Amino acid sequence: MRNSKAGVRGQGSVSGKQNKTVHRSPFTVWLLLLTMHCSLFTSIAFAEELKLQDLVEEALKNSPEIRMFEARSAASSFRVPQASSHPDPMFMFGYQNEGTRDLYTFGNEMARDSQWMFSASQMFPYPGKLALKGEMAGKETEGAVASYESVKRRIAAKVKEQYFDLFLAYKGIDFLQDMKALFMRVEDAATARYSSGMGMQQEVLMAQTEKYMLLEREEMFRQKQRSTAAMLSATVGRNSGAPMGGRPLEAGATRFDFTSDELVILALDASPEVSVKKSMIGAAEAKVRMAEREYYPDMTLNASYFVTGKQFDDMWSLTATVNIPLYYRTKQRQAVREAEALLSEARNDLEAVRLMIASAIRDNIYMVTASDRLMDLYKNGLIPKTYQDFESALAGYATGRTEALTVITRLKNILEFELLYWTQFSEREKAIARIEAISGINLQTAGGKDQ
């Protein structure tokens, strides 16, 4: 109670000034409310602005995760010539000594079997095997390239989501700072009524409490602003602790003209995730054909030359060696079955990805549609009506026809509806960013424009 009285006494010195505030002309009140409302749809001109496209380009250039997938994609391209090349040839050289009594008997007339031996061999896989190995490696390379494109779109979507989270934090701070003026007016009106004996002390305390709760919410938005800016800095690949150096640029809502069925069809054709799974199916099909070719033997050609000395003629030989798939029931046949099972897995994985893409796109489209409806309701219905209710309640409170609780309730409704409007705006843009990442379609070039 002592603190409450001190707060009331502290307000007594401004009671005379507040009487003037309460009796402002209706035109002045309307001008103040209109200025505050318009400030919610315009950015602060003196603040440095962050451009979304610049941040996306910075992330695509500097993100360590993107660089990792880029290197992985580049590395996979070098596997194709390796897989389609013949095995390395083998070269053998040696010496055969006759007897064990003498260490070296080459050239001795009595040592006819002493000789130097040289041979070269080359293994030739069964026709078609090398081509299939190259095809498998090529499909894996296509999958790596598609994965690289997929992670680029995922990082771009992540930047956009964090950007709009940061935008919402700044917008909330701006609005709460603007709302302070209205809460101060309610507090000043309550203080003036209490000083004149028309109101109760509880009304002053109620107004002060709401003002402090407003400060609490502002600090929460500032904490979100700092944490989101830090995450965004890490996503775009900036060094730890590097500040973002500005606030998000305020722009209109992205136009969205697609139906769910239309967008699903486009997404299934352009999605990097679908491309990855198709590449996996291609590699699995080549592996099945490769396993079937393992029933056929490979051939190794060997050419040898034997140096026997001056008293004997040198000798040479040419041989061919083939492997016999004698244990095909436990080896080659099982390899074919394994490859067929992996092919079935890849096909079902593709179908699961298609269902996931269709579901995710429809889910985000529903979110965009719901946000559009709610934003229209807030902007063209609830917010203007609540501002009118607040002005009417404040004017009635100044003359004793309305209670303080009614005025504060109207003011809190303004606060909630305005924050809900910008929350829905942020969620809408984030949903569109996720659609772009899932489908691989840039809605800015495929028909989406700022309204």
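The values are calculated or read from the model by the stated rules, or taken from the named source; none is laboratory data. Predicted model, so just to flag it, every value in this text is computed and none were measured. In this analysis, Cβ positions are derived from the backbone assuming ideal geometry, glycine residues included, and neighbour counts consider all displayed protein chains. The area values use the complete protein model at the heavy-atom level, side chains included, leaving out ligands, DNA and RNA. Shrake-Rupley method; radii C 1.70, N 1.55, O 1.52, S 1.80 Å.
State all residues of the stretch 108-125 that are assigned to a loop (DSSP other than H, G, I, E, B) and either open to solvent by 80 Å² or more (accessible area, probe 1.4 Å) or more than 29 Å from Asn323 (Cα to Cα) (or both); if no residue qualifies, say none. Spell out how you get there, then give the answer.
In the first step, residues of the stretch 108-125 are kept if they are assigned to a loop (DSSP other than H, G, I, E, B); the result is 108-114, 125.
Of everything in the stretch 108-125, those that are assigned to a loop (DSSP other than H, G, I, E, B) and either open to solvent by 80 Å² or more (accessible area, probe 1.4 Å) or more than 29 Å from Asn323 (Cα to Cα) (or both) turn out to be Asn108, Glu109, Met110, Ala111, Arg112, Asp113, Ser114.
Just wondering, is there one or more residues in the stretch 351-365 that are within 30 Å of Glu109 (Cα to Cα) and in contact (Cβ under 8 Å) with a residue 60 or more places away in the chain?
No, the stretch 351-365 contains no residue that is within 30 Å of Glu109 (Cα to Cα) and in contact (Cβ under 8 Å) with a residue 60 or more places away in the chain.
Six or more apart or on different chains, Cβ atoms under 8 Å: show the pairs whose first residue is in the stretch 69-80 and open to solvent by 60 Å² or more (accessible area, probe 1.4 Å) and whose second is assigned to a helix (DSSP H, G or I) and not β-branched (Val, Ile, Thr).
Short answer, once both residue conditions are applied: Glu70/Tyr148; Arg72/Ala144; Arg72/Ser147; Arg72/Tyr148; Arg79/Ala137; Arg79/Glu140.
Here's the yes/no breakdown for (1) at pLDDT 90 or above; (2) of a type in the set (Phe, Trp, Tyr); (3) under 30 Å from Gln96 (Cα atoms); (4) surrounded by fewer than 16 Cβ atoms within 10 Å (Cβ to Cβ):
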residue	(1), (2), (3), (4)
Arg247	no, no, no, no
Gly252	no, no, no, yes
Lys277	yes, no, no, no
Ala284	yes, no, no, no
Glu294	yes, no, no, no
Thr308	no, no, yes, no
Leu326	yes, no, no, yes
Lys331	yes, no, no, yes
Val336	yes, no, no, no
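Does the stretch 133-162 hold any residues that are surrounded by 20 or more Cβ atoms within 10 Å (Cβ to Cβ) and closer than 16 Å to Ser233 by Cα, and which are they?
Correct list: Ile155, Ala156, Lys158, Val159, Lys160, Glu161, Gln162.
Go over the candidates Leu60, Leu52 one by one and state the one that is modelled with pLDDT under 90, of a type outside the set (Ser, Thr, Tyr) and within 30 Å of Glu436 (Cβ to Cβ).
Details: Leu60 fails: modelled with pLDDT under 90.
The match here is Leu52.
If you check Val322 against the conditions, is it more than 19 Å from Glu262 (Cα to Cα) and in contact with a helix residue (DSSP H, G or I) (Cβ under 8 Å, 6 or more places away or on another chain)? Break it down into steps so the answer makes sense when it comes.
Details: more than 19 Å from Glu262 (Cα to Cα): yes; in contact with a helix residue (DSSP H, G or I) (Cβ under 8 Å, 6 or more places away or on another chain): no.
Criteria not met by Val322.
Yes or no: Ser147 over 30 Å from Tyr212 (Cβ atoms) and in contact with a strand residue (DSSP E or B) (Cβ under 6 Å, 6 or more places away or on another chain)? Even if it seems obvious, please write down each step before you answer.
On the way: over 30 Å from Tyr212 (Cβ atoms): yes; in contact with a strand residue (DSSP E or B) (Cβ under 6 Å, 6 or more places away or on another chain): no.
Against the criterion (over 30 Å from Tyr212 (Cβ atoms) and in contact with a strand residue (DSSP E or B) (Cβ under 6 Å, 6 or more places away or on another chain)), Ser147 does not qualify.
So which residues in the stretch 222-263 are part of a helix (DSSP H, G or I), within 25 Å of Ala59 (Cα to Cα) and not aliphatic (A, V, I, L, M)?
Within the stretch 222-263, the first condition is being part of a helix (DSSP H, G or I), and the residues that meet it are 222-235, 260-263.
Okay, now just the ones that are also within 25 Å of Ala59 (Cα to Cα), so 222-235.
Arg222, Gln223, Lys224, Gln225, Arg226, Ser227, Thr228, Ser233, Thr235, listed by residue number.
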